[in-house]
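The values are calculated or read from the model by the stated rules, or taken from the named source; none is laboratory data. Quick caveat: nothing in here was measured; it's all calculated off a predicted structure. Don't worry about glycine lacking a Cβ; one is built from the backbone with ideal geometry, like all the others, and counts go over all protein chains shown.
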Amino acid sequence: MPEALAPLLAEVRRCRLCEPALPLGARPVLQLDRRARILIAGQAPGRKVHESGVPFDDVSGERLRRWLGVGREQFYDPACFAILPMGFCYPGTGAGGDLPPRVECAQTWRLRLLRQLPALELTLVIGQYALDWHLPDAGHATLTDAVAAWPRYFPALLPMPHPSPRNQRWLKRNPWFEIEVLPLLQARVQALLA
Ligand code: SF4
């Protein structure tokens, strides 16, 4: 029997494990319900999401919702989408953009939370950190290689680039992702939400 979800979520939301390393303090941002059939496995909240406490409440989220073909109402229905980034709190920003998610977070919480998703049918693995965790033995040299290997994993899992505006260049270089993959993803999402 999995542990009860409500006390587990309350425990996560009280977590202060790596707070000394977090520039704005701990504010875990996640969304989970046992009925969810789609998991969004992302990176970590940015500053804007830290302030709102709402996952993907930013330009990355706008693009992700377009990619999925869903509006905010469905996206924020936890019975439709579980949203579990690799780190639940904003890790800060360095010269190259947001810092990596805190490793303590997945080590502490991820397996316990994934056990709460018995209805899961599709995992969207977004960005390198989530790829390293969800496909540890895949052996892809780059994120592009992993995304290009999508037919190997779909329809149970889809490796994806991060929808951040910082990835605009990647999307321009790899137009097949939006042309070939997204229509299939949108059809799969609609089928799972129907
Ligand atoms: S990032 Fe994760 S481990 Fe660190 S304080 Fe937030 S919830 Fe806890």
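Kindly indicate the residue of the stretch 156-194 that is assigned to a loop (DSSP other than H, G, I, E, B) and in contact with a helix residue (DSSP H, G or I) (Cβ under 7 Å, 6 or more places away or on another chain) and also surrounded by the fewest Cβ atoms within 10 Å (Cβ to Cβ) among those meeting that condition. Break it down into steps so the answer makes sense when it comes.
Initial filter on the stretch 156-194 (assigned to a loop (DSSP other than H, G, I, E, B)): 156, 161-164, 174-175, 194.
This time we only want the ones that are in contact with a helix residue (DSSP H, G or I) (Cβ under 7 Å, 6 or more places away or on another chain), so: 161-164, 174.
Working: PRO161: 18, HIS162: 20, PRO163: 23, SER164: 19, ASN174: 16.
Ranking the candidates gives ASN174 first.
Just wondering, is there one or more residues in the stretch 92-101 that are within 9 Å of the ligand (Cβ to nearest atom), more than 15 Å from the chain's Cα centre (by Cα) and more than 23 Å from THR123 (Cβ to Cβ)? Please lay out each step first, then the result.
Pass one, the stretch 92-101, residues within 9 Å of the ligand (Cβ to nearest atom): 101.
Now narrow it down to the ones that are more than 15 Å from the chain's Cα centre (by Cα): none.
Checked against the condition, which is being within 9 Å of the ligand (Cβ to nearest atom), more than 15 Å from the chain's Cα centre (by Cα) and more than 23 Å from THR123 (Cβ to Cβ), the stretch 92-101 yields no hits at all.
List the helices (runs of 4 or more DSSP H) inside the stretch 11-85, counting only whole elements, that have at least 3 residues being away from the ligand (no atom under 16 Å from the Cβ) and out of contact with any Phe, Trp or Tyr (no Cβ under 9 Å at 6 or more places or on another chain). If you could, list the steps in order and put the result at the bottom.
On the way: elements: 47-52, 59-68, 72-75.
Helices (runs of 4 or more DSSP H) meeting the threshold: 59-68.
If you check LEU124 against the conditions, is it part of a loop (DSSP other than H, G, I, E, B), modelled with pLDDT of 95 or more and surrounded by 15 or more Cβ atoms within 10 Å (Cβ to Cβ)? Before the answer, list the steps.
Working: part of a loop (DSSP other than H, G, I, E, B): no; modelled with pLDDT of 95 or more: yes; surrounded by 15 or more Cβ atoms within 10 Å (Cβ to Cβ): yes.
Answer is no for this residue.
Could you check the stretch 63-79 and list, in sequence order, the residues that are within 14 Å of the chain's Cα centre (by Cα) and touching a residue at least 40 places away in the same chain (Cβ under 8 Å)?
Taking the stretch 63-79 as the starting set, the residues that turn out to be within 14 Å of the chain's Cα centre (by Cα) are 63-65, 67-68, 75-76, 78.
Correct list: ARG63, LEU64, TRP67, LEU68, TYR76, PRO78.
Got at least one residue in the stretch 19-35 being more than 16 Å from the chain's Cα centre (by Cα) and closer than 17 Å to LEU114 by Cα? Full working, then the answer.
Here is the first cut: in the stretch 19-35, the residues more than 16 Å from the chain's Cα centre (by Cα) are 19-27, 34-35.
When the remaining residues are screened for being closer than 17 Å to LEU114 by Cα, the result is 34-35.
For the stretch 19-35, residues more than 16 Å from the chain's Cα centre (by Cα) and closer than 17 Å to LEU114 by Cα: present.
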